[in-house]
Amino acid sequence: MRAQKSALCWLRRDLRCYDSAALFHALKYHECVFCAFVFDTEILDRLENREDRRVEFILKSVLELHAELEKLGSGLILLHGAAREEIVRLARELQVAAVYANEDYEPAAIERDRAVAEGLRESGIALHLFKDQAIFARDELLSQSGAPFTTYTHYKSAWLRKLEPFYLRPYPVQKYQAHLARPPSASPVPILEAIGFRPTNLAQLRVFPGMAGARRSFLDFLRRIRFYREKRDFPAVKGVSYLSAHFRFGTLSVREAASLAYDLGNRGADAWLAALIWRDFFFSILYHFPHVVAHPFRREYEALAFPNRPDWFAAWRAGRTGFPLVDAGMRQLNATGYMHHRLRMLTASFLVKDLHIDWRLGEKHFADTLIDYDLAANNGGWQWAASTGCDAQPYFRLFNPVTQSKKYDPEGRFIRRYVPELAGCDGKSIHEPWKMSVFEQTSAGVVIGRDYPAPIVDHAAERQLTLTLYTAIRPTAAANSA
Ligand SMILES: Cc1cc2nc3c(=O)[nH]c(=O)nc-3n(C[C@H](O)[C@H](O)[C@H](O)COP(=O)(O)OP(=O)(O)OC[C@H]3O[C@@H](n4cnc5c(N)ncnc54)[C@H](O)[C@@H]3O)c2cc1C
């Protein structure tokens, strides 16, 4: 009897129990719905750093979700193993009729879901997948010729044209919450050590995981959203939402966020909605062009001959390039697992176009370190900065690290926060500390080359080398840009 009535909702990057497409449909069509989360060893075993802030963020969010579901008379079934096997085994054990989950657009996840669907099918169990993490996905937005959009501006216009209240309406999970079932046996509450990890500095960073953390940050941002357009480019200012980790793990519903921004309709909210559209755009690129995971979107750039100096790569990673704003960005990343968007663009451009290091190495470092790491956004951002992407920065446009510093951190407030060696510099010399005289260095309390590195490269010279490297494979483009 139970076979027809019951279902399993498999939560992945949707760690919430409200406005979830999969959970709503499972509850609507089944009288008895179990919920499960798998600490997937196929993902976790590949993480080199055992003090990974993401894992702690996920664990805390999962525990909060478990507690919230318990209040509703249910709870999460918590598993540790290969998700593709664990879910099939659990579904059979529970004798459910179907498994429900929200779609994932990463090639490895699509392959995993295909394997799970096949395993379930052998037992006569269906797998139902739902769009949830994007407003528009897969083939919902295509050009007139039926091809996926490869320029953001066109994608954004089509996105806004198609948008109707229907797409932002929340799934009223609460309407059917009485169908939530209590797990047959209590799962042991996992601790980080049990899944092979150690605690991080997440709590000291005041990063608040879970639905409650998301709500707190979202409400805080809503008080500031109207200033987003003016303030978003300045890392020292609280101008952006800092919600990326919550979008990444689904502790905040993107429908709810987009809907509020759409309804507000002021300049700041519109600019923020445009940021959420970038998110959908990169999901779409990854879904339609999965080769971007390991290769340039524009295949001709595969031939780029990056010298890849290991000592320069190490200096970049450690935030010791001698360019203060670049170093501040990298140190923010290392210390907090977050980096401001302006600095992601700057540090990525610097790695590829000033240090001539393959964008894939930088992409991997971000992937290992960012709490909000998302394959689609990270790959899209890196390919944009490296000019290898679909709608990328032209290869002959390079960020000047000093000009960027003067423009976006004019008083050096952000630099001072993350590069304390330069805290004594005045607002002018902090952007180019190597230009200080010995006397000025003494008054600022820093000796360049001893306390803080001299620039490891000459931006003007490296710019020329970049143009040579890129034009070597794009002679026509070079002629056009001259
Ligand atoms: C080299 C590089 C790597 C990046 N890697 C990631 C990543 O791994 N994960 C990630 O979520 N974002 C990534 N981004 C995009 C962007 O930098 C972050 O989303 C943003 O800084 C997160 O801060 P926020 O939540 O305060 O953003 P806000 O400015 O408040 O934006 C709101 C939300 O919109 C989305 N968003 C904003 N800009 C972008 C964008 N350009 N592409 C895709 N989504 C966007 C994010 O979900 C973000 O939380 C990357 C950008 C670059 C240039």
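Okay, here's what the table says:
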| read-out | value |
| --- | --- |
| Rg [Å, one decimal], Dmax [Å, integer] - the range 4-132, C-alpha atoms | 14.1, 44 |
| Inter-probe distance in nm under a simple model that places probes 7 Å from Cα toward Cβ, at Ala67 and Asp139 | 4.5 |
| Percent RCO, i.e. relative contact order, over the range 71-165, from Cα pairs under 8 Å lying at least 6 residues apart | 24 |
| Value of relative contact order over the range 299-471, rounded to a whole percent, pairs C-alpha under 8 Å and six or more apart | 25 |
| DSSP bridge orientation in the chain - percent antiparallel, rounded to nearest 5 | 5 |
| Candidate residues Ile77, Ile191: accessible-area rank, largest first, probe 1.4 Å | Ile191, Ile77 |
| Stokes-Einstein translational diffusion, the range 299-471 - Kirkwood Rh over all Cα pairs, 1.567 mPa s, 4 °C, in µm²/s | 79 |
| Heavy atoms of Val207 accessible to a 1.4 Å probe, total area in Å² rounded to 10 | 40 |
| Euclidean distance between Cα centres, the range 243-295 to the range 1-79, Å | 22 |
| Förster radius 35 Å - calculated FRET efficiency between Ile473 and Val447, Cβ distance, rounded to 0.05 | 0.25 |
| Cβ-Cβ FRET estimate between Ala294 and Lys428, R0 fixed at 60 Å, reported to 0.05 | 0.85 |
| All-pairs Cα distance distribution in the range 197-241, expressed in whole percent, bin size 5 Å | 5, 21, 20, 20, 18, 10, 5, 2, 0 |
| Cα-projected label distance for Glu164 with Leu47, points at 7 Å along beta-carbon direction, nm | 4.2 |
| Protein accessible area in the range 299-471, 1.4 Å probe - carbon and sulfur % | 57 |
| Stretchable slack from Asp263 to Arg413, in nm (0.36 nm times residue separation minus alpha-carbon distance) | 50.6 nm |
| Assigned charges on the beta-carbon of Lys, Arg, Asp, Glu; the chain dipole about Cα centre (debye) | 1080 |
| Rounded to the nearest 10 Å², the accessible area of Thr442 at probe 1.4 Å | 100 |
| Average accessible area per residue (Å²) across the range 299-471 - probe 1.4 Å, nucleic acids and ligands excluded | 39 |
| Estimated FRET transfer efficiency when R0 is 60 angstrom, pair Ala454-Leu222 (beta carbons, to 0.05) | 0.85 |
| Potential extension, Ala147-Val438 segment - 0.36 nm per residue separation minus Cα distance | 98.7 nm |
| Contact order normalised by residue count of the chain, Cα under 8 Å, 6+ apart, percent | 16 |
| Descending principal axes extents, the range 237-337, alpha-carbon based, whole Å | 49, 35, 26 |
| Inter-centroid distance (Cα atoms) of the range 133-161 relative to the range 179-221, Å | 34 |
| Net dipole in debye of the range 299-471 [+1 Lys, Arg Cβ; -1 Asp, Glu Cβ; about Cα centre; nearest 20] | 220 |
| Viscosity 0.692 mPa s, 37 °C: Kirkwood-radius Stokes-Einstein D of the chain over Cα pairs, µm²/s | 136 |
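The values are calculated or read from the model by the stated rules, or taken from the named source; none is laboratory data. Predicted, not measured: the structure shown is a model, and the values here were computed from it. Backbone-built Cβ (ideal geometry, glycine too); neighbour counts: all protein chains shown. Areas reflect the complete protein model, heavy atoms only, side chains present, ligands, DNA and RNA absent. Shrake-Rupley method; radii C 1.70, N 1.55, O 1.52, S 1.80 Å.
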